[in-house]
Amino acid sequence: MDQSTIKTYRTVAAVQSAIGNARTLDAALREGLRVMASEMGVESCIMWYADGHDGRVLRPYFWLAIADFTQRRVTSGVGVVGRVFESRCAERLLDYRPGADPTTEELLVGHELRSMVAVPFSTLQTDLGVLQFINKTDGTPFTDEEADALEMLAMLAALAVDESEELSEPKPVGEAIIQVRGVTREYVNGDNVTKVLKGVNLDVYEGEFLVLLGESGCGKSTLMNIVAGMDAPTSGSVEFCGRQIVGATQSQLTEYRRDNIGFIFQSYNLMPNLTARQNLELIAELVDDPMPADEALEVVGLSNRKKNYPSQMSGGQQQRVSIARALVKRPRIIFADEPTAALDYSTSIEVLQVMERVVATGTTMVMVTHNEEICRMADRVVRMRDGRTHEVTVNRVRVGATDLVW
Ligand SMILES: Nc1ncnc2c1ncn2[C@@H]1O[C@H](COP(=O)(O)OP(=O)(O)OP(=O)(O)O)[C@@H](O)[C@H]1O
Ligand SMILES: [Mg+2]
């Protein structure tokens, strides 16, 4: 047996065990694709599936990719993915030349398409969709053997669907209120240039609860600070409701933050010499149509603590005051950078319950965490790696804060 055959067998076994160990179909597909992509060194991998209502439209179901595919759609017969779905025949563009397939390039914003394999994702009974594999991480094109292996692995993954319940429809998403495109951030220190963000593409949708995850130092805080108008990118664009914020003046940015953005940090940053209510009133004075301090304190469940000073409250209560302080501005979007990192389990749950309530009022929430379990609360989970988005999953079911265990 040659090396590539051995590698294929090994990958098949790993994918099989990942699928077998998963508790739900979504988890099986996610884990299966994750293992496939890492074993085969695939840069991006997207699972397209045919919408139940309109069998001619394919939506992204799950993807491991440097771009955000949430609102991308493919029509059966159009572009590589559309053709594969219609013909049920795999297509290989192993050594891709720019310009060869504009429809597909347009779909893959953020990718410099070098090599691609698209295979039908079909069970014995149904054509579910298409699996698309884009570029190898080492820069070499896919080989024919690798393309064969990917086709076989796609069949294996589809079997998991055959043995399981139906794929459920994803929840519809709101309009993109934030669009991040090609954002980079470098720090220059003498001759030393540190590239922290290396081309981030991400949308945030109105009303969603987005959780941002990633190893320490991968650039999560840097990205949030840029999107919140507290830092400027080295290059790239950030639009808020269609308005470009990159290149805005300091006073425009101040206005942008004041009118639209709430920020919650790991540390509570409350004024120690002011009561809970006074801390809120301080912010209320700065904005046009503030939420009354008492109302905000009620949302976070602290109506009975209005007159307490920060030193008279627990960490969780102080964090809830800082959430209330963000709410006073009635922000369109709240960024929370590891809001529970300093808290113990039960206090974290209290704070997360408040977050849940805030999202229920229609506020968009972007929350950074290191805690995998918290991902289950989110509508979407974005994982960053080494200065880029790396994986996006959509939770079809959101788990309540009180059901989280760690
Ligand atoms: N002013 C700076 N000068 C040089 N490098 C910086 C500067 N600020 C941040 N960095 C680097 O940028 C990288 C990303 O930092 P960032 O704070 O965004 O990471 P993070 O993902 O939020 O990490 P954590 O989970 O630990 O909070 C780190 O390697 C950090 O050392
Ligand atoms: Mg950070």
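The values are calculated or read from the model by the stated rules, or taken from the named source; none is laboratory data. What you see is a predicted model, and the numbers here were worked out from it, not measured in a lab. Don't worry about glycine lacking a Cβ; one is built from the backbone with ideal geometry, like all the others, and counts go over all protein chains shown.
Could you tell me whether Ser237 is among the small types (Gly, Ala, Ser), within 16 Å of ligand 1 (Cβ to nearest atom) and in contact (Cβ under 8 Å) with a residue 12 or more places away in the chain? The answer is no for Ser237.
In the range 205-224, the count of residues that are in contact with a Pro (Cβ under 6 Å, 6 or more places away or on another chain), closer than 23 Å to Arg380 by Cα, not polar (S, T, N, Q) and not in a loop (DSSP other than H, G, I, E, B) is zero. Remark: Ala342 matches the filter, which requires a residue to be surrounded by fewer than 18 Cβ atoms within 10 Å (Cβ to Cβ), among the hydrophobic types (A, V, I, L, M, F, W, C) and within 15 Å of Ile264 (Cβ to Cβ). Of these, Arg243, Arg258, which one is out of contact with any His (no Cβ under 6 Å at 6 or more places or on another chain), basic (Lys, Arg) and within 19 Å of Leu202 (Cβ to Cβ)? Checking each option against the conditions leaves just Arg243.
With respect to (1) at pLDDT below 95; (2) on the phi < 0 side of the Ramachandran plot; (3) under 30 Å from the mean Cα position of the chain (by Cα), the lone exception for Gly301 is condition (2).
Got a sec? Which of Lys220, Lys198 is in the same structural domain as Thr389 (by TED's automatic domain parsing) and farther than 22 Å from Ala341 by Cβ? So the residue among Lys220, Lys198 that is in the same structural domain as Thr389 (by TED's automatic domain parsing) and farther than 22 Å from Ala341 by Cβ is Lys198.
Among the residues of the range 356-369, is there at least one that is more than 16 Å from ligand 2 (Cβ to nearest atom), farther than 26 Å from Arg258 by Cβ and surrounded by 21 or more Cβ atoms within 10 Å (Cβ to Cβ)? Among the residues of the range 356-369, not one is more than 16 Å from ligand 2 (Cβ to nearest atom), farther than 26 Å from Arg258 by Cβ and surrounded by 21 or more Cβ atoms within 10 Å (Cβ to Cβ), which makes the answer no. Put simply, of Ile374, Ile334 the only residue that is at pLDDT below 95 and under 19 Å from Met224 (Cα atoms) is Ile374. Report yes if Ala326 is surrounded by 16 or more Cβ atoms within 10 Å (Cβ to Cβ), away from ligand 1 (no atom under 16 Å from the Cβ), within 25 Å of Gly229 (Cα to Cα) and of a type in the set (A, V, I, L, M), otherwise no. Taking the combined requirement at face value, the residue satisfies it. Against the test of being away from ligand 1 (no atom under 16 Å from the Cβ) and in contact with a Leu (Cβ under 9 Å, 6 or more places away or on another chain), the options Gly182, Gly219, Gly207, Gly129 yield a single qualifying residue, Gly129.
Could you grab me the full set of residues in the range 223-260 that are surrounded by 20 or more Cβ atoms within 10 Å (Cβ to Cβ) and either among the aromatic types (Phe, Trp, Tyr) or not assigned by TED's automatic domain parsing to the domain that holds Gly199 (or both)? Once the filter is applied, which keeps residues that are surrounded by 20 or more Cβ atoms within 10 Å (Cβ to Cβ) and either among the aromatic types (Phe, Trp, Tyr) or not assigned by TED's automatic domain parsing to the domain that holds Gly199 (or both), the range 223-260 yields only Phe240. Looking only at the range 198-212, filter to residues that are hydrophobic (A, V, I, L, M, F, W, C) and either away from ligand 2 (no atom under 13 Å from the Cβ) or modelled with pLDDT under 95 (or both); which one of those is nearest to Val359 (Cα to Cα)? Going through the qualifying residues, I end up with Phe209. Against the criterion of being within 21 Å of Gln3 (Cα to Cα), of a type outside the set (A, V, I, L, M) and either in the same structural domain as Met47 (by TED's automatic domain parsing) or buried (at least 21 other Cβ atoms within 10 Å of the Cβ) (or both), Asp127 does not qualify.
Restricting attention to the range 272-285, the residues that are of a type in the set (A, V, I, L, M, F, W, C), modelled with pLDDT of 95 or more and in contact with a helix residue (DSSP H, G or I) (Cβ under 6 Å, 6 or more places away or on another chain) total 2. Among the criteria (1) at pLDDT 90 or above; (2) assigned to a loop (DSSP other than H, G, I, E, B); (3) within 16 Å of ligand 2 (Cβ to nearest atom), the one Ala341 does not fulfil is (1).
For beta carbons closer than 7 Å, sequence separation of 6+ or different chains, a first residue in the range 83-108 that is closer than 24 Å to Thr126 by Cβ and a second that is polar (S, T, N, Q) and at pLDDT below 95, the qualifying pairs are Phe85/Ser76; Glu86/Ser76; Arg88/Ser122.
A single member of Ile374, Ile349, Ile323, Ile334 is in contact with a Ser or Thr (Cβ under 7 Å, 6 or more places away or on another chain), assigned to a helix (DSSP H, G or I) and in contact (Cβ under 8 Å) with a residue 12 or more places away in the chain, and it is Ile349. Listed by position, the strands (runs of 3 or more DSSP E) inside the range 41-121 whose residues that are in the same structural domain as Ala27 (by TED's automatic domain parsing) and in contact with a Gly (Cβ under 8 Å, 6 or more places away or on another chain) number at least 2 are 42-50, 57-64.
Of all residues in the range 354-371, those being free of Cβ contacts under 8 Å to residues at least 40 places away in the same chain and away from ligand 1 (no atom under 15 Å from the Cβ) number 1.
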